[in-house]
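**Q** The following block contains the structure, expressed as structure tokens.
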Amino acid sequence: MPLLSTADHPNALFSGEWIPAHGGNTEVVSPSTGTLLGHIGTADAHDVNRAATRAARTQRDWAAASFEERATVLRRAGDLIHTHADEIGHWLRHEGGAAAGMAAFQVHVAAQECFEAAALAHQPHGEILRTAKPRLSFSRQVPAGVVGVIAPFNVPLILGIRSVAPALALGNAVVLKPDQRTAVCGGAVLAEIFRKAGVPEGVFHVLPGGAEAGQALVADPHVRVLSFTGSTAAGRKVGEAAARHLKRAHLELGGNSPLVILDDADVEAATSTGAWGSFLHQGQICMTTGRHLVHEKIADAYVERLAARADELTVGSTEEEGTALGPVIDAGQRDKIHGLVTSSIEAGARLRAGGTYQDLFYRPTVLDGVDAHTPAYAEEVFGPVAPVVRFSSVEELVELANSTEYGLSLGIITTNPMRGMEIADRIPSGIVHINDQTVEDEAVAPFGGVGHSGTGARFGGTRANLDAFTETQWITMRADPAPHPF
């Protein structure tokens, strides 16, 4: 039996069941073909308040369920993702613009997020504390309450479920606001997965919507923790608004991640790594390799081979087999990418590959002759663009790598990993990969950036998830009431 069809819920939102949306509906459109795939409800502030109110009411019973019950539901959700992998992959390809391999990767990680969350429910949730008084003193992690999750369009399944699954496992209710452009593969899919897995009605809500819904979610008094993934500009607004309401906001934001190619690197292997880091999923990943820092000794060979790899890649509809790069999400994003490429060329960069598009299909692009002021180097492109800048010394490299306010991911290619680690110690970054590119994700690993890339590792891994989605409570216990002088 199919997991879902948008035709079944053309004007609805999910609140444990499909209910009418106060905010109307949104078209579900394929970025590859422009085909109308269906409709889904759009949330407004009224819908958010209704969902958050119900979530707060039902969360208490969900938190009171045993850890074994919650773990069972999360394991079942992971199994259901595997069972419906083809259908979920279909929506990721047709609605999300993901190539087949990227769609399969999202499905795999989403299932793992559920399995890891199930294990999280079994973790010790407190510690015995020393005390100078005759009492038992301990701390415990208790559910935060209602968690609001705001997820983006680019990797919608993973970037939603990585907060939804651990928050549910730890006894919270969740209100998820997926991007309207990926409301099915990033929202409706999860609604049906968790409904079939046995999450009680009212504990999990899916409300696709725009800025109004997002603002309402941040402001709603029932929502105590916010998990946001998106641009730095939008994340700053979320963080500021959350602070006014004295709420925690975990922010995973943009990046302009460097890939460092040292002079001892093998050019063939390094260009394969670099092409994957910059061109995977059309460069629409926060960890995308946005800057290639290449030692001048091998830079000419590196640029030539990287450009050849770019020219060899197939760009086309992700609804067809064999496509390496699909469409960018919409015309606005395409025009931003092309504007940065053309302004970089006008500023002196040399176009070595790509730089053209048809409809929403942008060719993988390589720019040489780049410096720290080149627009495509200085800004996050969020497209399939590889700017290459040359360095001659480690000091120059470190200065170039640090010439950004971002600090999400760093890759270093070298035959001497210890040398790579010494350089990494001088470049602030939430994630470091020695002898790999900048785009990596595993459910078991902490994830997050520093600087303008976010508020640190608040996603993934046991410690980060416990910190993100629980509150620490101090408890003391005595056999009899304590004596006091008055």
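**Q** Looking at Gly97 and the list (1) open to solvent by 40 Å² or more (accessible area, probe 1.4 Å); (2) not in a helix (DSSP H, G or I), which single condition is not satisfied?
**A** Answer for Gly97: the failing condition is (1).
**Q** Also, I was wondering about something else. How many of the residues in segment 20-61 are in contact with a helix residue (DSSP H, G or I) (Cβ under 6 Å, 6 or more places away or on another chain) and in a helix (DSSP H, G or I)?
**A** Result for segment 20-61: 2.
**Q** Something else about it: List the residue pairs whose Cβ atoms are under 9 Å apart, where the first residue sits in segment 109-126 and is over 14 Å from Val164 (Cβ atoms) and modelled with pLDDT under 95, the second is open to solvent by 60 Å² or more (accessible area, probe 1.4 Å) and not in a helix (DSSP H, G or I), and the two are 6 or more positions apart or on different chains.
**A** Short answer, once both residue conditions are applied: His125/Arg140; Gly126/Arg140; Gly126/Thr472; Gly126/Gln473.
Here is a yes/no grid of residues against (1) touching a helix residue (DSSP H, G or I) at 6+ places or on another chain (Cβ under 6 Å); (2) in a helix (DSSP H, G or I):
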position: Ser403; (1), (2): no, no
position: Met418; (1), (2): no, yes
position: Met421; (1), (2): no, yes
position: Arg426; (1), (2): yes, no
position: Ser429; (1), (2): no, no
position: Thr438; (1), (2): yes, no
position: Glu442; (1), (2): no, no
position: Ala464; (1), (2): no, yes
position: Ala482; (1), (2): no, no
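**Q** May I ask you to list the residues in segment 455-476 that are surrounded by fewer than 18 Cβ atoms within 10 Å (Cβ to Cβ) and among the hydroxyl-bearing types (Ser, Thr, Tyr)?
**A** Thr462, Thr472, Thr476, listed by residue number.
**Q** Going through Glu127, Glu116 one at a time, which residue ends up being open to solvent by 50 Å² or more (accessible area, probe 1.4 Å), more than 21 Å from Phe279 (Cβ to Cβ) and assigned to a helix (DSSP H, G or I)?
**A** It is Glu116.
**Q** Same structure again: Tell me the residue from Gly339, Gly316, Gly332, Gly326 that is surrounded by fewer than 18 Cβ atoms within 10 Å (Cβ to Cβ), under 19 Å from Pro156 (Cα atoms) and not hydroxyl-bearing (Ser, Thr, Tyr), please.
**A** When all the criteria are applied, what remains is Gly332.
**Q** Next question. Looking at Gly38, is it in contact (Cβ under 8 Å) with a residue 40 or more places away in the chain, surrounded by 23 or more Cβ atoms within 10 Å (Cβ to Cβ) and not aliphatic (A, V, I, L, M)?
**A** no
**Q** For the subset of segment 130-159 comprising residues that are of a type outside the set (Ser, Thr, Tyr), open to solvent by 30 Å² or more (accessible area, probe 1.4 Å) and outside any strand (DSSP E or B), which member is farthest from Arg334 (Cα to Cα)?
**A** Pro134
**Q** Here are some residues: Asp61, Asp8, Asp44. Which one is crowded, with 17+ Cβ neighbours inside 10 Å and either more than 25 Å from the chain's Cα centre (by Cα) or under 26 Å from Ala167 (Cα atoms) (or both)?
**A** Asp44
**Q** Starting from residues that are surrounded by 23 or more Cβ atoms within 10 Å (Cβ to Cβ) and among the small types (Gly, Ala, Ser), keep the ones in segment 381-400 and report whichever is nearest to Tyr362 (Cα to Cα).
**A** Gly383
**Q** Let me ask something else about it. Touching a strand residue (DSSP E or B) at 6+ places or on another chain (Cβ under 7 Å), crowded, with 22+ Cβ neighbours inside 10 Å and not in a loop (DSSP other than H, G, I, E, B): is that true of Gly411 in this structure?
**A** Details: touching a strand residue (DSSP E or B) at 6+ places or on another chain (Cβ under 7 Å): yes; crowded, with 22+ Cβ neighbours inside 10 Å: yes; not in a loop (DSSP other than H, G, I, E, B): yes.
Yes.
**Q** While we're looking at this one, here's another question. Is one or more of the residues making up segment 329-348 touching a Lys or Arg at 6+ places or on another chain (Cβ under 6 Å) and of a type in the set (Ser, Thr, Tyr)?
**A** no
**Q** What residue, of His452, His433, is open to solvent by less than 70 Å² (accessible area, probe 1.4 Å), touching a residue at least 60 places away in the same chain (Cβ under 8 Å) and more than 15 Å from Ile285 (Cα to Cα)?
**A** None of the other options fit; the residue is His452.
**Q** Yes or no: Val175 under 13 Å from the mean Cα position of the chain (by Cα), in contact (Cβ under 8 Å) with a residue 40 or more places away in the chain and part of a strand (DSSP E or B)?
**A** On the way: under 13 Å from the mean Cα position of the chain (by Cα): no; in contact (Cβ under 8 Å) with a residue 40 or more places away in the chain: yes; part of a strand (DSSP E or B): yes.
No.
**Q** Mind checking which residues of segment 298-313 are open to solvent by 30 Å² or more (accessible area, probe 1.4 Å) and either touching a residue at least 60 places away in the same chain (Cβ under 8 Å) or closer than 26 Å to Pro156 by Cα (or both)? Give the steps one after another, and end with the answer.
**A** Initially, segment 298-313 is screened for residues open to solvent by 30 Å² or more (accessible area, probe 1.4 Å), giving 300-301, 304-305, 308-309, 311-313.
Correct list: Leu313 only.
**Q** I need the full set of residues from segment 101-113 which are open to solvent by 40 Å² or more (accessible area, probe 1.4 Å) and either closer than 25 Å to Thr314 by Cα or part of a loop (DSSP other than H, G, I, E, B) (or both), in order please.
**A** Of everything in segment 101-113, those that are open to solvent by 40 Å² or more (accessible area, probe 1.4 Å) and either closer than 25 Å to Thr314 by Cα or part of a loop (DSSP other than H, G, I, E, B) (or both) turn out to be Gly101, Ala104, Phe105, His108.
The values are calculated or read from the model by the stated rules, or taken from the named source; none is laboratory data. Here the structure is a predicted model, which means the values were calculated and not measured. Every residue, glycine as well, gets a Cβ built from its backbone with ideal geometry; the counts of neighbours run over all protein chains shown. Areas reflect the complete protein model, heavy atoms only, side chains present, ligands, DNA and RNA absent. Shrake-Rupley method; radii C 1.70, N 1.55, O 1.52, S 1.80 Å.
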